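Novice: Take a look at the following structure, please.
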Amino acid sequence: MGGPEIPALEGERLRLRSLRGSDFENYATLYPDPEVVRFISTGETWDRGRAWCHMAFALGTGSSKERAPGQPRRRPPGPFSE
């Protein structure tokens with residue numbers, strides 16, 4: 001998305017890397033589960049639509065810099081776009 005490349009960190013049993021659009025199915029699977037979200041967020045569960053919007057924001061595709069002043073925010077292309 002034009003920002004700096006985030007390096008992956010690798011160990012014997014773990015690999016940490018930046019979030020990708022292809023991670024959506026796994027990402028969306030985490031947030032409806034109360035036992036998961038209590039450790040990674042406020043504890044509030046999300047449906048797939050909210051997970052999609054949050055992931056788009058985290059990846060930078062929902063940036064207000066991409067809109068002209070006064071234009072409404074639109075969802076990025078994907079499974080929940082209109």
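Novice: Just to be sure I understand, how many residues within segment 18-51 are loosely packed, with under 12 Cβ neighbours inside 10 Å, among the acidic types (Asp, Glu) and either under 24 Å from residue 5 (Cα atoms) or modelled with pLDDT under 90 (or both)?
Specialist: Selection size over segment 18-51: 1.
Novice: Residues of segment 1-17 being of a type in the set (A, V, I, L, M, F, W, C) and modelled with pLDDT of 90 or more, which ones?
Specialist: Listed by number, the residues that qualify are 8, 9, 14, 16.
The values are calculated or read from the model by the stated rules, or taken from the named source; none is laboratory data. What you see is a predicted model, and the numbers here were worked out from it, not measured in a lab. Every residue, glycine as well, gets a Cβ built from its backbone with ideal geometry; the counts of neighbours run over all protein chains shown.
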